[in-house]
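The values are calculated or read from the model by the stated rules, or taken from the named source; none is laboratory data. Keep in mind the model is a prediction, meaning the values are calculated, not measured. Methodologically, a virtual Cβ is constructed for each residue, glycine included, from the backbone with ideal geometry; neighbour enumeration extends over all protein chains shown.
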Amino acid sequence: MSDVRLVVREPLLDAQQQVAGYEFSWMHDSLGASDEIEDTHKLIDLIINSADDEDALASFRYRRFMRAPAALLLEEAFALLPAGNTSLIVTVEDLADAAVYAAVKLLRKGGYGILLRGVDMKALDPKQLVLSTAIEVYFDPDNFASQARIYGVLKNSPIRMLARKVSNWQEYDACGTLGLQAFAGRFYLTPRVAIQKSAELNPSQAMLLQLMELVRNNADIHQIEEMLKHDPAISYKLLHYINSAGFGLGFEIESMRHAIQVLGYNPLYRWLSVLLASANPATASLILMQTAITRGRLTELLGKAYLSRSDAENLFITGMFSLLDRLLGVPMEQALEQIQLPDSVLDALLSREGIYAPFLNLAEACEHSADAPMMQSSELNIDTDTVNRAHLAALAWAQSLEA
């Protein structure tokens with residue numbers, strides 16, 4: 001696959017470190033006006049066609065943010081997207097056109113979110129603000145005092161302020177102090193607490209790793225049940241995941257014995273890995289857990305047509321565990337010493353080599369910002385549409401686990 005343009009997502013967090021929404025865009029260098037219009041049409045079609053039905057489209061848990069070119073605002077291209085979870089990014093420059101202003105006013109009245117880009121914070125225009133649900137700002141760590149004065153004007157306003165280019169959790173906290181309510185940047189891929197080389201695993205993490213070893217080795221069911229008795233919370237959470245919509249069983253699993261009898265050992269291993277992702281709340285933010293789960297599912301879906309069915313669980317684990325060091329708060333080598341994994345998984349995790357590595361790299365590319373370089377790859381022959389559909393399917397699947 002060469003010169004592939006992917007749909008990429010960027011999570012937007014709120015002040016409680018919860019996901020407020022995802023911005024969807026195309027991986028590209030720069031686009032002309034006609035290219036942007038065509039690509040926005042394609043993005044709208046992709047989102048609509050990736051949903052099973054209108055209910056699924058409307059029930060997506062998080063807001064979808066996307067750039068709204070003036071020409072498409074005038075032709076009502078966004079009307080097919082549900083207003084309740086759609087926010088359109090509109091530039092102040094476009095709003096200067098009376099027809100565009102009128103179109104945005106109708107969309108705002110219809111319930112769509114409007115994120116304004118290019119606002120002059122030193123000369124706020126009430127005519128612009130009345131249309132917006134949020135405005136973009138850019139955090140500057142070197143000018144905290146002046147930003148405090150500027151942003152203080154809107155601090156108690158219903159209009160949310162979205163901070164762009166937040167680079168770490170310290171800046172996230174600083175933005176919160178300034179009264180900003182939403183945050184974008186790749187800081188979410190780092191743990192809230194720095195990774196410590198001498199850090200010890202907590203009891204839940206250690207037990208989950210032991211359980212994963214038992215399951216991988218097809219231990220007796222009674223042996224697994226006995227270990228779970230030491231931490232009933234793990235059993236409860238595990239059964240919650242297995243009974244979630246993401247597994248799609250259609251009936252309820254009532255015990256670990258029932259789970260193993262119905263599912264088998266390999267799927268059970270998957271759910272234990274999902275639990276492991278949330279076993280250290282001190283270091284792993286919710287978005288980091290969601291990213292790991294989505295990356296695992298996407299890695300699996302991308303390799304599904306190219307590798308054997310027996311590789312599916314390994315692909316999922318490869319994607320999930322690519323963030324294991326940040327999830328557990330320990331170095332990757334130390335984390336991997338705790339559990340026995342196939343060499344093919346270790347090769348992908350430690351050196352980005354082997355049969356799983358190209359699928360992991362492609363899944364990671366879907367998380368890059370829109371100005372990331374064009375992805376060059378001759379290792380895989382997956383068409384762009386397949387990748388993008390798998391991406392949205394993986395995100396929806398990860399969301400279903402939260403239900």
Any residue that is assigned by TED's automatic domain parsing to the domain that holds ALA396, in contact with a Gly (Cβ under 9 Å, 6 or more places away or on another chain), modelled with pLDDT of 85 or more and basic (Lys, Arg) - is there at least one of those in region 281-304? yes
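Return yes or no: is PHE144 in contact with a Cys (Cβ under 9 Å, 6 or more places away or on another chain) and either in the same structural domain as LEU12 (by TED's automatic domain parsing) or touching a residue at least 24 places away in the same chain (Cβ under 8 Å) (or both)?
no
Residue-by-condition table, conditions (1) closer than 21 Å to LEU115 by Cα; (2) at pLDDT below 90; (3) crowded, with 17+ Cβ neighbours inside 10 Å:
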{"position": "VAL4", "(1), (2), (3)": "no, yes, yes"}
{"position": "GLN17", "(1), (2), (3)": "yes, yes, no"}
{"position": "ALA20", "(1), (2), (3)": "yes, no, yes"}
{"position": "ILE89", "(1), (2), (3)": "yes, no, yes"}
Answer yes or no as to whether LEU336 is of a type in the set (A, V, I, L, M), modelled with pLDDT of 85 or more and not in a helix (DSSP H, G or I). no
Of the residues that make up region 108-120, is at least one within 29 Å of ALA393 (Cβ to Cβ), assigned to a helix (DSSP H, G or I) and within 28 Å of the chain's Cα centre (by Cα)? no
From the list THR318, THR291, which one is closer than 25 Å to ASN217 by Cα and either touching a residue at least 24 places away in the same chain (Cβ under 8 Å) or hydrophobic (A, V, I, L, M, F, W, C) (or both)? THR318
Would a scan of region 256-269 turn up a residue that is touching a residue at least 12 places away in the same chain (Cβ under 8 Å), assigned by TED's automatic domain parsing to the domain that holds HIS368 and within 19 Å of the chain's Cα centre (by Cα)? no
